[in-house]
1. Name the residues in segment 96-115 that are among the basic types (Lys, Arg) and modelled with pLDDT under 95, would you?
2. From Phe464, Phe528, which residue is modelled with pLDDT of 90 or more and part of a strand (DSSP E or B)?
3. Filter segment 430-478 down to the residues that are under 23 Å from Val531 (Cβ atoms) and aromatic (Phe, Trp, Tyr) and list them by number.
4. Would you check which residues across segment 392-408 are crowded, with 23+ Cβ neighbours inside 10 Å and either outside the structural domain of Asn503 (by TED's automatic domain parsing) or within 14 Å of Val364 (Cβ to Cβ) (or both) and list them?
5. Looking at Asp210, Asp185 in this structure, which one is over 30 Å from His461 (Cα atoms), of a type in the set (Asp, Glu), surrounded by fewer than 19 Cβ atoms within 10 Å (Cβ to Cβ) and modelled with pLDDT under 95?
6. Failed condition for Phe278, given (1) touching a residue at least 24 places away in the same chain (Cβ under 8 Å); (2) crowded, with 18+ Cβ neighbours inside 10 Å; (3) out of contact with any Phe, Trp or Tyr (no Cβ under 7 Å at 6 or more places or on another chain), with all others met?
7. Which residue, of Pro284, Pro273, Pro249, Pro216, is within 17 Å of Trp504 (Cα to Cα) and not charged (D, E, K, R)?
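The values are calculated or read from the model by the stated rules, or taken from the named source; none is laboratory data. Every value quoted in this text rests on a predicted model; they were computed, and no experiment measured them. Cβ sites come from the backbone with ideal geometry, for glycine too, and all protein chains shown count toward neighbours.
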Amino acid sequence: MPPLFRSLALAGLLLAGLTALPARSVAANLVENGDFETDANADNWPDNWNNQKANGAYETDAAGNRFVRLQATEPGKLVMLLRTIPVPAGEKALKLAWRWRVSDLKIGKQPWFDARFVVEFRDAGGEKLSPQPNPSYSRGTKDWESRTTEFLIPEGAATLTLMPALFQVTRGVIEIDDITLVPTDTAALEAAAKLRAEEAAFRYVAPETDNRSAWPAEIRVQGNRLVTVDGGREVWLQGLNAGGLETLPQDMQVLKSVVVGIDDWKSNAIRLPMNERFWFGRDPGQKDGGKAYREKIDQIITLTANRGAYLVIDLHRFRAPKAEHVEFWKDAATRYKNHPAVLFDLFNEPHGISWKIWRDGGFVGEKTGADESAFLSEEEKKKNQGFESPGMQALVDAVRSTGARNIVIAGGLGWAGDLSGVVNGYALEEREGGNGIMYSWHQYNWHKGWDKTVLPVAALHPVFVGEVGADTNKMNFIPHDIQESPYTWVPDMLGFIQKHRLNWTAWCFHPRATPVMISDWKYTPTPFWGVFAKEALAGKQFEMRRMR
């Protein structure tokens with residue numbers, strides 16, 4: 001149940017009959033001096049709270065109200081108040097409320113390095129318990145803001161620690177006041193916990209071992225088509241992008257997405273966005289050198305291959321290849337060398353470089369002109385300029401140097417929307433023993449010139465429409481007036497793809513990665529995109545009524 005509905009339901013209970021609720025509705029605050037008004041020691045710091053004078057101040061406003069201010073003076077340093085209290089006996093749930101004002105905040109090196117209020121339960125031996133309440137976070141408030149959260153007390157909890165904090169931010173100020181903690185009713189919380197458990201059970205996918213008898217045939221390039229290595233039977237890849245692992249190394253939903261995408265949506269190809277940083281375990285949250293991440297991709301490949309489908313590993317990076325991407329492909333190609341179900345999408349969306357640098361490498365300078373990378377952080381954008389790129393051919397060579405003959409896929413320029421260079425002297429060179437090269441083309445509902453940008457290439461090479469889709473929610477980094485309605489654009493694009501038998505994987509099988517194919521984790525297809533894509537995957541033929 002959403003928090004608003006839960007609050008309204010509880011309010012209804014209160015109005016319907018106060019006698020139906022225990023006396024806890026007026027229980028005393030469990031946090032002594034939670035309003036920071038008492039300083040009996042006269043040390044200019046509120047009693048019962050850890051002293052943070054080095055990074056904070058005990059303030060008084062114009063009305064005489066006392067509050068605490070914390071300030072991050074050193075990037076990446078944790079600054080927090082800390083308070084541990086006993087868990088009241090016999091209680092099952094607590095309600096935490098506070099006021100805060102968050103200003104001048106610049107997040108740290110990770111997206112979750114922000115202002116947050118963390119609650120932590122421990123048992124009598126000091127061990128952390130599970131589950132813990134989710135932290136409340138902020139990236140800035142206009143003024144003082146009230147917050148409330150409720151949570152169940154885990155079994156065996158003896159103490160509760162409250163930790164309002166600036167969590168490794170670059171800079172920022174957090175002011176906090178009026179912290180209250182009281183027992184609360186459990187009905188809504190227990191219902192929500194039950195729903196989460198049901199969702200987790202739905203997400204679960206049982207591990208599988210290789211069933212090689214069910215694996216798809218190895219494929220190769222023949223002219224502008226894909227065919228099986230044995231027998232030369234044409235294979236037309238049609239499927240979807242199972243997003244998640246490109247941004248969250250711990251994501252588990254993607255396993256279910258792969259299974260649903262093949263079993264229920266009838267895909268014979270899954271494109272799996274990922275990145276080399278997680279592969280090598282270079283994210284601060286990874287403590288195993290990437291082992292769990294690599295093993296998850298192993299399992300996804302097994303789930304895909306056991307269903308007779310193909311898995312496209314997509315190195316989901318932007319601008320131009322870097323030295324670490326050569327390193328990645330040598331490692332990944334060695335691991336999946338000659339697996340019949342695995343294809344390698346070498347680099348997601350090159351842009352802002354010449355065709356010569358795209359193919360042969362060279363210096364990648366500062367990006368100028370329009371930039372569609374609104375979804376990238378400033379730090380990521382800066383990393384995409386001022387470096388020597390090895391070029392796309394070096395990625396092909398890295399794969400082939402391992403002895404892997406798997407088909408490789410190369411995205412064109414213009415965020416993979418432009419393939420003109422492929423037929424104008426910049427086609428990649430295949431190495432002896434390889435199964436061939438496909439070229440990737442990405443299209444959304446503001447792109448024009450379908451025939452000019454792809455058909456000359458499609459006449460000579462197999463084309464993989466690695467990303468395609470449209471959303472009713474318009475992208476703010478693209479002029480709204482050029483973003484066509486999905487209800488007219490999608491049927492025509494699907495008709496175009498089918499007419500020319502272009503291989504394709506729709507973006508995105510995730511309810512929060514626009515254009516969204518699904519509206520929830522029950523995999524309900526969105527009416528403006530998911531419904532059309534699902535019908536096309538099931539075999540429905542669309543007619544292209546108008547070229548763009």
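1. Lys106, Lys109
2. Details: Phe528 fails: part of a strand (DSSP E or B).
Exactly one of Phe464, Phe528 is modelled with pLDDT of 90 or more and part of a strand (DSSP E or B), namely Phe464.
3. Across segment 430-478, the qualifying residues are Tyr444, Trp446, Trp450.
4. Residue satisfying the conditions is Met392 alone.
5. Details: Asp185 fails: surrounded by fewer than 19 Cβ atoms within 10 Å (Cβ to Cβ).
The match here is Asp210.
6. Every condition holds for Phe278 apart from (3).
7. Working: Pro284 fails: within 17 Å of Trp504 (Cα to Cα); Pro249 fails: within 17 Å of Trp504 (Cα to Cα); Pro216 fails: within 17 Å of Trp504 (Cα to Cα).
Among Pro284, Pro273, Pro249, Pro216, only Pro273 is within 17 Å of Trp504 (Cα to Cα) and not charged (D, E, K, R).
Per-residue answers, yes or no, for (1) closer than 15 Å to Ile357 by Cα; (2) under 28 Å from the mean Cα position of the chain (by Cα):
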site: Leu395; (1), (2): yes, yes
site: Leu413; (1), (2): yes, yes
site: Leu419; (1), (2): yes, yes
site: Val423; (1), (2): no, no
site: Ala427; (1), (2): yes, no
site: Val454; (1), (2): no, no
